[in-house]
Structures are given as C-alpha cells and as structure tokens.
Amino acid sequence: MTTINRYLIVFFLITIHVFAQQKQSAAFEVVPLGVRGGIDEKNLSAYLVAPIHTHDYICLDAGTLNSGIEKAIANKVFTVSPTEVLRQYIKGYFISHAHLDHVSGLIINSPADAEKTVYATKKCMETMENHYFNGEAWANFGDEGVGFKLKKYHFQTLAIGEETKITNTTMTVKAFALSHGNPFESTAFLIQNGNDYVLYLGDTGPDSVEKSDKLNLLWQAIAPLIQHKQLRGIFIEVSFPNEQPDSSLFGHLTPNYLMKELHALSELSGKEALKSCEIIITHLKPPTQNIVKIQEQLQKQNDLGLQLIFPEQGKRFEL
C-alpha cells in the first residue's frame, strides 16, 4: 500500500468519525396511531410523542386511538395491553381543531380512559364542550361545559403564544393559530423538552389561498430553532395532489403548496439548516391512487433536499 493510499484511508476514517460525532442522538420517539385524513375511520390523525426512552406520551390529535394502539402492539412497539397504553402511557391529548377526524377517537374511547388533561384553544374547546361532551351527543367526561360533568378529563384551554407545562411530563407546549378554510381555526403545537422541540400542525391551508399570514408568523417563530438544530421535526399535512383546484382545497395543502411554504421557511432559517429538521407528512386523504400521487409529487418537487417521512400506522420512529 502506498503512502498516499494510507493517507486517503486515514482521511476517510476521520471523516466518518467526525460525521458520526456531529449526528444528533434522538430526542423524541413517535408512534403514529393514525396517519390519514378522510374516510378511513380506523386510521385518522393521532400521533403519540414522548421524550426518548420514556412512556410519557402525549397524543397530538385523536382521530383514531384503539385501532392504532392495537396496530402498534402487533408491531411489538408496546408489550402491554391496549388498556394500559390508553390509560397509563398517554398523559394528555392535544386537539388542533374539533373536526371529527381529529377528535372521534378521544370521544369514543373516553369511557375506558383514565383521568388526564385535554388541551385545546378556546374555540376548539368550546366546540367540543357544546357539541360533543354535552350530555346529549356524548356524556360530558370533562370538568367544564354543559350537562352533568363526570370530571374524568380536565379541559385546559391554551392561550395562543403562551408556554404551558404539560401535566405528568417534562414537556411544555406553545400554541399557534392556523387557518383551515378561512375563517375556520386550527392549531399548531410546538412541543419542548429541554433544548429539543417538535412542531405539529393541524389542518391548514397555504397563506396565499387562505388570505392569511398564519403560516408566515409560525415560520418566523420557529426559524431560530431550526438554525440552532433544536427543532427535530415538523408534522405537516398534505391532503390532496396538485391537481386539486384551489376552490376545492377546503383549507388543506397540496405538494406544490407545501413546498412553497417550506421554501418560505427556508428563506428565514437557511436552506442547509432546514435539512436537519425532518418533515413528517400527515393527513394524506384516500383513495390510494391519490396517496401514491401525493408521495410521488412530493419527492419530485423536493428541490430543497429535505428529509421527508411518510409515517405508517403503528410503526415507531425517532426524531
């Protein structure tokens, strides 16, 4: 072996070592209980997120619970019963908006659940109290609202932009307003644990269609976290393929609009910094051919070189 070859090998090994040293260790674990929008009632938006190596999960939206927990157990993510996951592992629920595909799992599973907190902004909480947990459509398992209060759930209203401690966890949350078919409101949740963050967006349309600045304001808020490599992932919806006309978006994103929004974010955070933040694509709507088309269009339009994750129900991953 020549001296030059030895130097090349040493350089290669040092490069690998440096890269390994720079790679961040995981800060959160995620278990999707439901990943779709639309009509599949067994697989609707719900994501368990916990600090790594803990069972202190919060549930971001709750369209599907039991079916997703059973899937996760079948995949050996959990080794306990569905009842124990529901009652003990899930410490609280964060509801982005009160559409049934984001809250039906919470409602249906409430009789089997344990005492915990449900977090939502004022408008969302009022809708759930007045129209679901009202003693008529469903028993009021909360401690606020109308009808007889069973007080199993503590209904905690989140103020936009205010940091709130998440009960029975080491995490905090800050809520941001989204536009989901202007003027209908949705919510983004910025979850913090120590120096690490994840961002979950409920349903949202692009600013240009919504005639809104909600996403722009959110991007401004999180750009510094991306620059400092503290934001581990962004959960964001893409409901329709690019062929969907603006008049039929109903407050949702397409691959084209998502990439435009991420370009806007990259202008604030820096393109290279954004590559360190994984983009988790949520709320893809059936039929299957549309889901496949959305995934293909996203990959084709990913000129920023971002890490795109297409989560699967019941399959754990780390951020």
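Rule-based calculations on the coordinates, nothing more; no lab input. Remember, it's a predicted structure, so these values are computed and weren't measured experimentally. Positions of Cβ are generated from backbone atoms using ideal geometry, with glycine treated the same way; all protein chains shown enter the neighbour counts.
Each label point is 7 Å from the Cα along the Cα-to-Cβ direction; what then is the distance between the points at residue 208 and residue 137, in nm?
3.5
Please report the net charge: other residues with Cβ closer than 11 Å to the Cβ of residue 61, K and R +1, D and E -1.
Surrounding charge for residue 61 is -3.
In nm, to one decimal, how far is the modelled label at residue 163 from the one at residue 229, with both set 7 Å along Cα→Cβ?
2.2
Report the rotationally averaged projected area of the chain based on its alpha-carbon convex hull, in square nanometres.
In nm², the orientation-averaged hull projection of the chain is 18.4.
I need to check one value: relative contact order of the range 195-256, counting alpha carbon pairs closer than 8 Å and at least 6 residues apart, in percent.
Relative contact order, the range 195-256: 46 percent.
Which is farthest toward the positive dipole end of the chain among 225, 239, 127, measuring Cα position about the Cα centre, with Cβ charges +1 (Lys, Arg) and -1 (Asp, Glu)?
My answer, from the dipole projection, is 225.
Note down the relative contact order for the range 251-319 as a percent, whole number, built from C-alpha pairs under 8 angstrom at least six residues apart.
Relative CO of the range 251-319 lands at 45 percent.
So which trypsin sites (Lys or Arg not before Pro) in the range 138-230 end up in coil per DSSP with only 15 or fewer other C-beta atoms within 10 Å?
Here the sparse-neighbourhood loop sites are 151, 211, 229.
To make sure I understand, if each residue's beta carbon is the centre and we count other beta carbons within 10 Å, what order do 179, 276, 186 fall in, fewest to most?
Details: 179 22, 276 18, 186 26.
If I rank by nearby Cβ atoms, fewest first, I get 276, 179, 186.
Kindly state, to the nearest 0.05, the FRET efficiency for residue 263 paired with residue 182, given R0 = 22 Å and r defined as their beta-carbon distance.
0.50
Between their Cα atoms, which of 293/315; 42/165; 71/271; 165/285; 91/174 are more than 28 Å away from each other?
Flagged as over cut-off: 42/165; 71/271; 165/285.
Can you list the aspartates and glutamates whose alpha carbon is less than 12 Å from that of residue 275, not counting same-chain residues fewer than 8 positions off?
Leaving aside aspartates and glutamates fewer than 8 places away in the same chain, those within reach of residue 275 are 303.
Can you classify the range 201-319 as rounded, prolate or oblate using the Cα gyration tensor, where a ≥ b ≥ c are the square roots of its eigenvalues, rounded means a/c under 1.5, and otherwise it's prolate if a/b beats b/c and oblate if not?
oblate
Could you work out how much longer the chain between residue 73 and residue 300 gets when fully extended? Use 0.36 nm per residue separation minus the Cα distance between them, nm to one decimal.
Working it through step by step, the gained length comes to 78.3 nm.
Quick one: net charge of residue 75's neighbours, Cβ under 12 Å, K/R +1, D/E -1?
Here the charged neighbours net out to +2.
Evaluate the distance, in nm, between pseudo-label points positioned 7 Å from the Cα of residue 275 and of residue 123 along their respective Cα→Cβ axes.
Each label point is offset 7 Å from its Cα along the Cβ direction, giving 3.9 nm.
Among the aspartates and glutamates, which have Cα under 16 Å from the Cα of residue 76 when same-chain residues fewer than 8 positions away are ignored?
Cross-link targets: 29, 84, 312, 318.
Test of understanding: what is the full-extension gain from residue 220 to residue 80, defined as 0.36 nm times their sequence separation minus their Cα-Cα distance?
This chain segment gains 46.3 nm when fully extended.
Is there a quick way to get the dipole size of the range 27-318? I mean about its Cα centre, with the Cβ of Lys and Arg at +1 and of Asp and Glu at -1; what is the value in debye to the nearest 20? Each step should come with its number before you reach the end.
Details: 26 positive and 34 negative charges, 97 e Å.
In debye, rounded to 20, the range 27-318 gives about 460.
If exposed GluC sites (Glu not before Pro) are those in a DSSP loop with at most 13 other Cβ within 10 Å, what is the longest stretch of the chain that has none?
After excluding every exposed loop site, the longest remaining stretch is 1-114.
Can you give the FRET efficiency for residue 307 and residue 170, using 1/(1 + (r/R0)^6), R0 = 22 Å, r = Cβ-Cβ distance, to the nearest 0.05?
On the way: r = 26 Å, r/R0 = 1.17.
The pair residue 307/residue 170 has a calculated efficiency of 0.30.
Using only alpha carbon pairs under 8 Å that are at least six residues apart, calculate the relative contact order of the chain and give it in whole percent.
Computed over the chain, the figure is 17 percent.
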